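Q: Encoded as structure tokens, here's the structure I'll be asking about.
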Amino acid sequence: MSATGKFCVTIAHAKNDTDLATLGFVVANAAVGSAQDTMVFLSSEGARLAVKGYADDIHEEGFAPIKELIDSFVAGGGKLYVCAPCIKKRGHAQEDLIEGATIVGGAKLVEFLADGTPSVSY
């Protein structure tokens with residue numbers, strides 16, 4: 001367990017690199033499963049993963065489909081945050097997103113990490 005009991009995964013990839021997008025959610029699920037207060041921050045292309053239906057056909061060989069990984073993460077109590085300017089740039093708003101995803105500004109990420117919370121990026 002980390003000193004803070006928190007963990008952050010940032011994911012900046014989606015269909016442009018499904019391997020990295022999938023690995024991000026594998027690690028996020030491991031953190032939630034280890035009783036960490038876990039945040040996934042979707043930025044850049046990764047923001048698309050929160051759009052309803054977008055991730056439904058992403059399935060990297062050797063891993064669970066990304067939709068299952070996202071659903072497990074949210075069901076396990078993980079926080080799924082989507083970069084506000086990133087999702088807006090891609091033409092989407094809160095009503096376009098899957099249940100459990102919330103659009104936030106970068107300040108939310110800074111606040112979560114400010115106490116030294118460990119973070120990995122994919």
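The values are calculated or read from the model by the stated rules, or taken from the named source; none is laboratory data. On a predicted model such as this, the values are computed, not experimentally measured, just so you know. Cβ placement follows ideal geometry from the backbone for every residue including glycine, while neighbour counts extend to all protein chains displayed. To get the accessible areas, we keep the full protein, side chains included, count just its heavy atoms, and leave off ligands, DNA and RNA. Shrake-Rupley method; radii C 1.70, N 1.55, O 1.52, S 1.80 Å.
Q: Provide a single number: the residues in region 63-97 that are of a type outside the set (D, E, K, R) and under 12 Å from the mean Cα position of the chain (by Cα). Step through it out loud before you land on a result.
A: Step one: list which residues in region 63-97 are of a type outside the set (D, E, K, R), which gives 63-66, 69-70, 72-78, 80-87, 91-94, 97.
Adding the requirement that they be under 12 Å from the mean Cα position of the chain (by Cα) leaves 66, 69-70, 72-74, 78, 80-83.
Residues that pass the stated criteria total 11.
Q: Now for a separate question. Would you check if D17 is touching a Gly at 6+ places or on another chain (Cβ under 7 Å) and open to solvent by 10 Å² or more (accessible area, probe 1.4 Å)? Don't jump to the end; show me each part of the working.
A: Values: touching a Gly at 6+ places or on another chain (Cβ under 7 Å): no; open to solvent by 10 Å² or more (accessible area, probe 1.4 Å): yes.
Answer is no for this residue.
Q: In addition: Could you grab the pairs with beta carbons closer than 6 Å, sequence gap of 6+ or different chains, first residue in region 89-114 and in contact (Cβ under 8 Å) with a residue 40 or more places away in the chain, second one surrounded by fewer than 18 Cβ atoms within 10 Å (Cβ to Cβ) and not β-branched (V, I, T)?
A: Final answer for the pair search is I98/K52; L113/S119.
Q: Can I ask one more? Within region 85-100, is there a residue that is under 15 Å from V120 (Cα atoms), open to solvent by less than 50 Å² (accessible area, probe 1.4 Å) and modelled with pLDDT of 95 or more? Give the steps one after another, and end with the answer.
A: So the first thing to find is which residues in region 85-100 are under 15 Å from V120 (Cα atoms), and the list is none.
Looking through region 85-100, none of the residues is under 15 Å from V120 (Cα atoms), open to solvent by less than 50 Å² (accessible area, probe 1.4 Å) and modelled with pLDDT of 95 or more.
Q: Return the residue satisfying two criteria in turn: it lies in region 101-116 and is within 18 Å of A12 (Cβ to Cβ) and in contact with a Ser or Thr (Cβ under 8 Å, 6 or more places away or on another chain), and of such residues it is most open to solvent (accessible area, probe 1.4 Å).
A: Ranking the qualifying residues of region 101-116, first place goes to L113.
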